[in-house]
Amino acid sequence: MKLPLTGVINLIHEADEMEALTANRCLATVPFGGRYRLIDFVLSSMVNSGIPKVAVFAHRKFRSLMDHLGSGANWDLHRKQSGLFVLPPSMEDQTDFGKGDLYHFYRHRDYFARSASDHVVIARSHMVCNVDFAKVLDQHRESGADITVVCKQTPEGTPGLARKARVDETGRIVEMQDHFGRLDSDIVSMEMYVLGKELLLDLVETSLAQGRDHFVRHSVLSRLNQLRVHAYMHEGVLGVVNNIAAYYRHSMELLQPEVWRELFFKPSAIYTKVKDEPPTHYRSGADVTHSLIANGCDIEGTVTGSILFRGVKVAKGAVVRNSIVMQNGVIGENGALDSCILDKDVEIRPQTQLRGSSEVPFIALKRKVI
Amino acid sequence: MKLPLTGVINLIHEADEMEALTANRCLATVPFGGRYRLIDFVLSSMVNSGIPKVAVFAHRKFRSLMDHLGSGANWDLHRKQSGLFVLPPSMEDQTDFGKGDLYHFYRHRDYFARSASDHVVIARSHMVCNVDFAKVLDQHRESGADITVVCKQTPEGTPGLARKARVDETGRIVEMQDHFGRLDSDIVSMEMYVLGKELLLDLVETSLAQGRDHFVRHSVLSRLNQLRVHAYMHEGVLGVVNNIAAYYRHSMELLQPEVWRELFFKPSAIYTKVKDEPPTHYRSGADVTHSLIANGCDIEGTVTGSILFRGVKVAKGAVVRNSIVMQNGVIGENGALDSCILDKDVEIRPQTQLRGSSEVPFIALKRKVI
Amino acid sequence: MRKNECIAMLLAGGEGRRLGVLTKDLAKPAVPFGGKYRIIDFTLSNCVHSGIETVGVLTQYQPLVLTQHLGIGSPWGLDRREGGMHVLPPYVRQKGGTWYKGTANAIYQNLGFIESYDPEYVLIISGDHIYKMNYDLLLDAHKKNNADATIAVISVPWADASRFGILSVDEDGRVVEFAEKPKNPTSNLASMGVYMFTWSVLKEALIRDEADRQSSNDFGKDVIPTLLEDGARLFSYQFSDYWKDVGTIDSLWEANMDLLEERPSLQLNDRSWRIFTASPNQPAQYVAPTARVQGSLINEGCVVEGAVNRSVLFNGAQVGEGSLVEDSILMPGAVVGKNAKIIRAIVGEGAVVGDGCRVGSVDAAEIAVVGSGETIRLPEEQKEAEPV
Amino acid sequence: MRKNECIAMLLAGGEGRRLGVLTKDLAKPAVPFGGKYRIIDFTLSNCVHSGIETVGVLTQYQPLVLTQHLGIGSPWGLDRREGGMHVLPPYVRQKGGTWYKGTANAIYQNLGFIESYDPEYVLIISGDHIYKMNYDLLLDAHKKNNADATIAVISVPWADASRFGILSVDEDGRVVEFAEKPKNPTSNLASMGVYMFTWSVLKEALIRDEADRQSSNDFGKDVIPTLLEDGARLFSYQFSDYWKDVGTIDSLWEANMDLLEERPSLQLNDRSWRIFTASPNQPAQYVAPTARVQGSLINEGCVVEGAVNRSVLFNGAQVGEGSLVEDSILMPGAVVGKNAKIIRAIVGEGAVVGDGCRVGSVDAAEIAVVGSGETIRLPEEQKEAEPV
């Protein structure tokens, strides 16, 4: 059955310190986990939760986004009267780019007004997780909160940039600060906000009328006193992936079987664009351990502590360690990688050796030949 | 079976003098004929001819285009490895907008290179017609021409802006001029160019290298001596619809049953976005003659010599003459229209009378209440 | 994917014998209705609007046109990766196959299909009826009552009650008595043939019913009465909007005519509850200078050159100059020539009524019918002698 | 829509009896192959790559898994508004229904379906074979020869020739003799069961064949020999790439092992001729620190903690720590526990081989098979006594 919740994936001004990985794509379409793009996690969570209608507020560099999402059929969202809506900014007006998300919500207020659901969830694309929004909505209704924010207790020193929140014993968020704030709390916001449609439209108009155009800062943070903003504590895994250190760390966490099982199967599967690659061919002489390997790879060399995306070729004698090789990468004979991130279609010539550090991995731009 | 021809609908710098009708949409999505958009005619022709893959080079104001085309399913183009591609200009670079079509073809040369077909047809969106491109390709191959241009012999004084061509007895185009040229000929170009893929890519690179970026002017017109450019004479109806006079004239021609039968049925059907409107309800007291009426209308008044799009309401006592009323228009009680074009969602208040002339019809902008 | 809380099984095998030549090559659910639709479109659209996205359609009699119409479910948005619409014809096993014995047996033969979705509730509906209903409200009531089965009912005129399955209910709406076509009805609440079942209860009931050699394997005659006897929690759900079984020529004609009222009780032009159907891709209808159209519903692709009064014209129907079509229905592609008269008639799909012909009359007791694909022409000599 | 020049009819009703427990609940075309696919994916993908966009799939034996796999045809891009894929089970008429009598009868029963597309040519193929073939080239040859029927043939070892339908052809490739499983073959050109027919010829032949009470209604046994007798223009079309009938446990195992060669003659990783299949939506495979994988094909969703040599692992298969899987096939979701040994074996879909168990052996004459869904466990006492 449908969940009476409208989905929004808000790509407007996402905090992005992904360096070369977002040179030609938006944060939402950064490849992750061997075959996914970052947006797949929140989008699949929404679909699996029964959310019938998802709008993606696109912003910059969204060509890759359109390619990836297509008609939404891979997420079963190509529906008759609902489904997937990619809403780009107006191309005619360059000043649009500078404006905050509230401005874009306002331009598309029809989208909210027309949706049959009473509630809206506004999320970001860069949270790697598997969330059941039906449970979030249940808690939201039971608690009587105005806004419910999905939060997660995280260990000290997680590298991604995330807002921190202080929560009182009733579950109410009494303080919340941007990632650079000094608030001492191990609870981070997963930037998923569930609220009533009417309240959202009211906040959009009121904030804009006050000359303020930033949803979280101007509509939520500044109203923690007036509105009851509650935290929903997420139990599953979480990766806040918006800088290279976090990208590398959370990628490598997938090599822990319990993280792999939880992220990809609980509560439901993560969907992505189907690529029709054949199974991976491990040739005699291949030596692969402690790695995540996507389909369509052809491996003759050694791979350890690494993630290979679809269609990667590791030639004889090549050694790939602690590295991430995206789609169609080629590691030539006797090439050696350690702590590298190769973007799509990178070719490493025979005998080439590259080495980064786990703090600062070596990054090769898309289509480079090294 | 598939026709070995790749389709391109080129919306870059389309000659557009449609005034208010293209204030918020591109020429390709101007509503026409009660339920279509201009682009439906060339797109359906391509699909019916067996062309498996169509790229639409979008340019300005293409949101309405994306809405209309969706995944291409309404034209049966949502295929696995081919289908419909909407290629927008790069949003990051505003200077893109000024550049000619050859520049955009160049940016997307992969699209041509990857397609399995040997031939390409490059067309525009504003030709209202029903063409079998299989026949065009047949003639192109048989004649041995380098480029075949679909042309049409037209009566004197057709209002749309079209290039004129002079054709010798062998069918070769010996001269071709822009619409403002002085060439005295009754043969107009339908702006559909069939040519080999290799030749196209060659023309694109050569012209760009010479600092020229306009396909027809720089790659075709200036090469009429070197290249064998032949005309294919189209037998069916044609409306060149890129100014208001032509829009009005060719709309009204649909009220001739032979034009209606030929344009919509020969050789095949014209497809458009399905809207699920119920049949039109003619109430007792309705008086409708000599008109084209789409589904979902509700008519209590008088309609004559007019075209009503889907979902139009004509109240009791209202009189609509020689007018075009687009989707969801409402004519209040005793309202009277003569020689008007109402864009979508226009409401005419009770008792209001509006009158334009057949040369200069009265145009009401989308969503106006008058 | 999320578990399906509720899936629908749509019985679409009806022969519709009383529709005569209109259902010769057509299952009843595929009979055209309302100028644009086929009967089954109403229940399918109801499912979609009610949030039910898994629908098994059980076909049987003359399924060709019906299956073609259903396609892969795209007109209803039921062309889904998981769930969506599934056409379920009677299945031929190695030892052969037979038609479904009754409505209950049809569901019984598809237990495996239902099981594969593991639903909590199963909605049983029929593709023979014209109505707009939100099954989600029915499900809400079913849950609130903690019911085993909930039967949608509608009040019918007492005089007609003996033609229906009639329920007597207590003040809570719980069913206390059920009688199939009772001679002396004690209530005028008729079953609409719309059943919401708790799946575990239905499954057990179907297995028991199948084992019972005496049973005719029908919901109304067997399954419901047995459940009632056994003290199951059966509730009624009162429906009060338009509902019609268009099982006869007269009722099909009437139901079409109902749409022509000034304020029809079945509103087709309702943007929040569109009836979806396969699009025939036809241009806007053409109304000629010689035409006169009043009180009628006319669909895309029609060409009207004559007079049309209080009639329903399906897509591609044509009425020639000088002809009169009154109180009639022209099915898809029906062509009426010049100077013809069609009064109180149904002209079937693709049928042709030639120049000068007359079909039906104002005072005929019965609605005249021209069968699908039939052609009626005047003998040559009459053509000139008798222009209408 | 453009007329369909050529449509395909895919025979997918095969029981595959010689595949034993692997086809217990499964039609042969639905048997998993190549780590990711089901057998029928190859012919369906061939159709799509050859530009054939209308495919009738004739199902019969155990169609449930097959029909589920086919869905609405979207994995192959055959979910089309016109044409596309249509599943055609044997049809139950009012008087009951029976299975298709033979391959020719299966097509005969669906004459109406073919007629509705009005094709010029009809391609008859079977969902039982593994090969990549461009049917468009076959059609070109058929047209060039102005043939009535063109039969794709492949050279087989003379020793095997008596297991096939064998054709003798003249220098133009015209068929002069056809013998079904001849004892003394006069040629080694075997029919691949791929027939291109001119539709008008096929239609007439099928009607005649159906009328003939003596006929077993089979293409190879009846239709082709009769056409040949009557002097029809029958041509051969020589195919020389990989082609395999995987009708037995041995050939299924062999065909999978063929994929593990350094330069396999059936190349799966061919971007211009992808084999499409329904995506199981599984994450990238996980290879643990304790794993060793050599000369194998491994699919998404697998978890490998033990050693895998020269084996094919389908999606979701698992191999526990300390286990060895060698020269074997693990079907989708097959789970091998810890310290187990699987040698020269096929473990069926969802089967479980418990800790410490052994299946198969290096010197066994036959390939060991664990049936779909079966569970093999050591008795409690052995578990401790005999760690492998």
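Just so it is clear, none of the values below were taken in a lab; they were calculated from the coordinates. These numbers come from a predicted model, not from an experiment. Here Cβ is always computed from backbone atoms with ideal geometry, including for glycine, and neighbour counts include all displayed protein chains.
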Contact order relative to length for chain D, counting C-alpha pairs under 8 Å separated by 6 or more residues, stands in percent at 14 percent
Taking alpha-carbon centroids only, the range D:61-77 lies from the range B:39-77 a number of Å equal to 30 Å
Listed with the fewest Cβ neighbours within 10 Å leading, A:C297, B:C340 appear as B:C340, A:C297
Given pairs A:K2/B:K61; C:K101/D:K28; B:K273/B:K366 and cut-off 25 Å on Cα-Cα distance, the over-length ones are A:K2/B:K61; C:K101/D:K28
The alpha-carbon center of the range D:302-331 and that of the range D:212-284 are separated, in whole Å, by 28 Å
From the cross-link list B:K275/C:K132; C:K221/C:K244; B:K197/B:K275; B:K135/B:K164; C:K95/D:K183; C:K143/C:K181, the entries with a Cα-Cα span beyond 31 Å are B:K197/B:K275; C:K95/D:K183
For peptide B:63-76, the mean count of other chain Cβ atoms within 10 Å per residue Cβ is 3
With DSSP loop assignment and no more than 11 other C-beta atoms within 10 Å, the trypsin sites (Lys or Arg not before Pro) in the range D:100-205 are D:K183
Amide H contacts under 5 Å for D:V169, restricted to residues at least 5 apart in sequence or on another chain and with H modeled in the peptide plane, are D:V176
Rounded to one decimal in nm, the spacing of the 7 Å Cα→Cβ label points at C:T186 and D:S162 is 8.0 nm
Residue-ordered couplings for the range A:296-305, obtained by feeding phi - 60° into the Karplus form 6.51 cos²θ - 1.76 cosθ + 1.60 and rounding to whole Hz (Gly and Pro as x), are x, 7, 9, 10, 10, x, 10, 9, 8, x
Put in order of increasing Cβ neighbours within 10 Å, starting from the fewest, D:E261, B:E17, A:E191, C:E300 give D:E261, B:E17, A:E191, C:E300
Working note, chain D: Cα radius of gyration (Å, one decimal) and Dmax (Å, whole number) are 22.4, 73
Taking the square root of 5λ for each eigenvalue of the C-alpha gyration tensor of the range C:23-141, the equivalent ellipsoid has semi-axes, largest first and in whole angstrom, of 21, 20, 14
Per DSSP, the loop-located trypsin sites (Lys or Arg not before Pro) within the range C:8-88 having at most 13 other beta carbons within 10 Å are C:K24
Yeah, the range B:281-364 with a ≥ b ≥ c from its alpha-carbon gyration tensor (a/c under 1.5 is rounded, else prolate when a/b outruns b/c, oblate otherwise) is rounded
With a ≥ b ≥ c from the Cα gyration tensor eigenvalues, square-rooted, and the rule rounded for a/c under 1.5, otherwise prolate when a/b > b/c and oblate otherwise, the range B:5-265 is rounded
Quick shape check on the protein assembly as shown: root eigenvalues a ≥ b ≥ c of the Cα gyration tensor, a/c under 1.5 is rounded, otherwise prolate if a/b tops b/c, else oblate, and it reads rounded
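When you look at the Cβ of every residue in C:96-102, what mean number of other chain Cβ atoms sits within 10 Å?
Counting Cβ atoms of other protein chains within 10 Å of each residue's Cβ and averaging gives 4.
To the nearest 0.05, what FRET efficiency results for D:E321 and D:A211 with a Förster distance of 51 Å applied to their C-beta separation? Please list the in-between numbers first.
On the way: r = 65 Å, r/R0 = 1.28.
Step by step, r from the Cβ atoms, then E = 0.20.
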Surrounding charge for C:P280, neighbours by C-beta under 9 angstrom, Lys/Arg +1, Asp/Glu -1, total 0
Taking Cα atoms only, helix B:39-48 is inclined relative to the longest principal axis of chain B by an angle, in degrees rounded to 10, of 60 degrees
By Cβ neighbour count within 10 Å, fewest first, A:T22, A:T206 rank A:T206, A:T22
1/(1 + (r/R0)^6) with r = Cβ-Cβ of A:E359 and C:N146, R0 = 56 Å, i.e. FRET efficiency to nearest 0.05, evaluates to 0.40
Counting sequence-distant residues (5 or more places) and residues on other chains, those with an amide H built under 5 Å from that of A:V303 are A:D287, A:V288, A:T289, A:V320
Of A:129-137, B:125-133, ordering from highest average Cβ density within 10 Å down gives B:125-133, A:129-137
At the level of C-alpha centres, the distance separating the range B:243-257 and the range B:114-154, in angstrom, is 25 Å
Residues meeting the amide H criterion for B:F32 (H placed from the backbone, H to H distance under 5 Å, 5 or more places apart or on another chain) are B:R37, B:L38
So, with points 7 Å from each Cα along the Cβ direction, the C:K101-B:R367 label distance in nm works out to 6.3 nm
At R0 = 60 Å the Cβ-Cβ FRET efficiency linking A:K135 and B:E333, nearest 0.05, sits at 0.65
For chain D, longest principal axis from Cα atoms; helix D:249-258 axis from its Cα atoms; angle between them, nearest 10 degrees, is 80 degrees
Rounded to one decimal in nm, the spacing of the 7 Å Cα→Cβ label points at A:D168 and B:K273 is 4.9 nm
Scoring the range C:69-215 by relative contact order with C-alpha pairs under 8 Å, at least six apart, yields a percentage of 24 percent
Checking B:G356, B:G301, B:G211 against a Gaussian network model of chain B (alpha-carbon springs below 10 Å), the top fluctuating residue turns out to be B:G211
Computed over chain A: longest principal axis from alpha-carbon atoms vs helix A:133-143 long axis, angle to nearest 10 degrees, is 30 degrees
